[in-house]
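These notes are about the structure you will find just below.
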Amino acid sequence: MNRVAGADESYLLAQDLFGWSAPIQYAWVFGSEPERAELERFGAQLAAGSLSRKVIRAVVPFARHRWVRSPHPPVLRIEADPIADDEIGAWADRTLRTADLDPAGGRGWQLIGVSTMSGKFVLSLLISHMVADGQGLYNALAAAHAGSSASTLPTESAVLATPRWRADAKDALAQLGAAASAARVIGTELWRTRNDRPVTATRVPRTIDVSTDGPDTTLAIVDIDRARWAEQAKQFDGTGNTLFTAVLGGLVQRSGYPVGPDGLRVCIAVSNREAGDERANASGGVWIRVPDEITPETGLRGIRALSKEAFTRYATSGQDKLTDNLQPVVRLLPDVVIKKMMRSIAGPDTTVSNLGAAPDSAIEIGGRRAESFAIRAIMQGRDAAERRRQGPAVAAWAVEYDEKLTITFFGIHPEYFGDEAKLRAHIAAELDAWGLAATLW
């Protein structure tokens, strides 16, 4: 549990090899500002828990690096100048884009707040995806809410004070065995899905400039009536999850983004976290391919069947073979090979992450209950060429609480999702097609 593994290791590789980072943002809008002492207590609890960690590099080749407890001081910054209420979304966007985190070095999160001119208060928790996933953050917030935050990680001084080569050597031997098993799984899966991976030429038309220049990524946050969302999902023979997938698929269609001959490729996030699981990241993903056009007229029954089959397959195998078996093999390769490999893996056309109903411990801070609450993540450091080369073209996250469903959108592909006004217009049109209305942050 203390080794950097799975998605943690992928994010560390992306940072080490490419300078990419993946900050997550949890954002709250309160009707009034919580007491400063309560906010400081909240920050102190986060600092005492599982989020405060740093990386100690392995001393034996092929061994995994190790997580230790970071002496992370409570971080709370309240901006002096208030903002207008109609600037809340822009403030949240700017705070996320300028996140300055160093998870490997022990600075994996920040807490920033600002008041609005009408007396509301906006709080942004920024945290590196390397040190937590969505469910991991829910657990950290629950502990902070209860005042029971505690880290199970060893201290850095304790780890550095003991000989590390023996434990690292044992881990290296285990990883060599894991790599051999994973290579067999990957080989089998690559052969089975050899016709499912579209080549770059089918996904990126030649008329698109492949230079590093291009529009930045785009962002949007919308609040939707929760009951209406459930009602419309049922009307179209689906669930909230399948409606979420359909809305994102519809956005891809509206953008004109080219998909492969087998249809739209969707990655649906899955949590693998169990009770008492202290891993930084414990999530995976299932893939579906939607061959037909997604419209309200065709309904949600097809997406529902595809999703059910994919979830059943994932639960039965215990792994989404390609994605969950890459790390043991990649760990053995030279950096130059890893770089080429990571750039060659085809991504999905869109990614959807439904975090379900938020617990009260995630909505209430310092005796105040948030009016609105949003969850999202971005990737920093990827230039336009990289965003053209690999999917997803657009990603989204959804969370339910009280009477609201909040969806956050991250437009990634420069040409098809690089215009924020167009993205927001497409979101409104797609939701309207499904009988839904939204309020933009």
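The values are calculated or read from the model by the stated rules, or taken from the named source; none is laboratory data. Here the structure is a predicted model, which is why all the values come from computation and not from measurement. Virtual Cβ from ideal backbone geometry, glycine too; neighbours counted across all protein chains shown. When the accessible area is computed, the model is the full protein with side chains, heavy atoms only, and any ligands, DNA or RNA have been set aside. Shrake-Rupley method; radii C 1.70, N 1.55, O 1.52, S 1.80 Å.
Being part of a helix (DSSP H, G or I) and open to solvent by 20 Å² or more (accessible area, probe 1.4 Å) is the filter here, so list the residues in the range 290-313 that pass it. Give the steps one after another, and end with the answer.
Residues of the range 290-313 part of a helix (DSSP H, G or I): 301-313.
Scanning the range 290-313 gives R301, G302, R304, A305, L306, K308, E309, F311, T312, R313.
The one condition from (1) out of contact with any helix residue (DSSP H, G or I) (no Cβ under 9 Å at 6 or more places or on another chain); (2) open to solvent by less than 40 Å² (accessible area, probe 1.4 Å); (3) more than 30 Å from A142 (Cβ to Cβ) that T408 does not meet is (3). Scanning the range 226-241 turns up at least one residue that is touching a Gly at 6+ places or on another chain (Cβ under 7 Å) and open to solvent by 40 Å² or more (accessible area, probe 1.4 Å).
Hey, does the range 115-138 have a residue that's modelled with pLDDT under 90 and among the aromatic types (F, W, Y)? The answer is no, given that none of the residues of the range 115-138 is modelled with pLDDT under 90 and among the aromatic types (F, W, Y).
A Cβ distance below 7 Å, combined with a sequence gap of six or more or placement on separate chains, defines the contacts here; from the range 216-235, residues that are touching a residue at least 12 places away in the same chain (Cβ under 8 Å) and closer than 19 Å to I24 by Cβ reach residues that are outside any strand (DSSP E or B) and of a type in the set (K, R) in the pairs A220/R424.
One residue stands out among those in the range 70-84 that are surrounded by 14 or more Cβ atoms within 10 Å (Cβ to Cβ) and modelled with pLDDT of 95 or more: the one that is nearest to F42 (Cα to Cα), which is I78.
On the stretch given as the range 263-289, residues that are touching a helix residue (DSSP H, G or I) at 6+ places or on another chain (Cβ under 9 Å), under 16 Å from G391 (Cα atoms) and open to solvent by less than 60 Å² (accessible area, probe 1.4 Å) total 9. Answer yes if at least one residue in the range 378-394 is open to solvent by 40 Å² or more (accessible area, probe 1.4 Å), over 18 Å from A92 (Cα atoms), of a type in the set (K, R) and at pLDDT 95 or above, and no otherwise. Scanning the range 378-394 turns up no residue that is open to solvent by 40 Å² or more (accessible area, probe 1.4 Å), over 18 Å from A92 (Cα atoms), of a type in the set (K, R) and at pLDDT 95 or above. Taking the numbered list (1) within 21 Å of T152 (Cβ to Cβ); (2) touching a strand residue (DSSP E or B) at 6+ places or on another chain (Cβ under 8 Å) in turn, Q45 passes all entries but (2).
Count of the range 17-43 residues, restricted to those that are closer than 22 Å to V59 by Cβ and free of Cβ contacts under 8 Å to residues at least 60 places away in the same chain, is 0. Here A182 meets each of (1) over 26 Å from the mean Cα position of the chain (by Cα); (2) modelled with pLDDT of 60 or more with one exception, condition (1). If you go through the range 250-260 and pick out every residue that is surrounded by 24 or more Cβ atoms within 10 Å (Cβ to Cβ) and more than 12 Å from H426 (Cβ to Cβ), you end up with 0. Residues in the range 411-428 that are open to solvent by 40 Å² or more (accessible area, probe 1.4 Å), touching a strand residue (DSSP E or B) at 6+ places or on another chain (Cβ under 8 Å) and of a type in the set (A, V, I, L, M, F, W, C): A428 alone.
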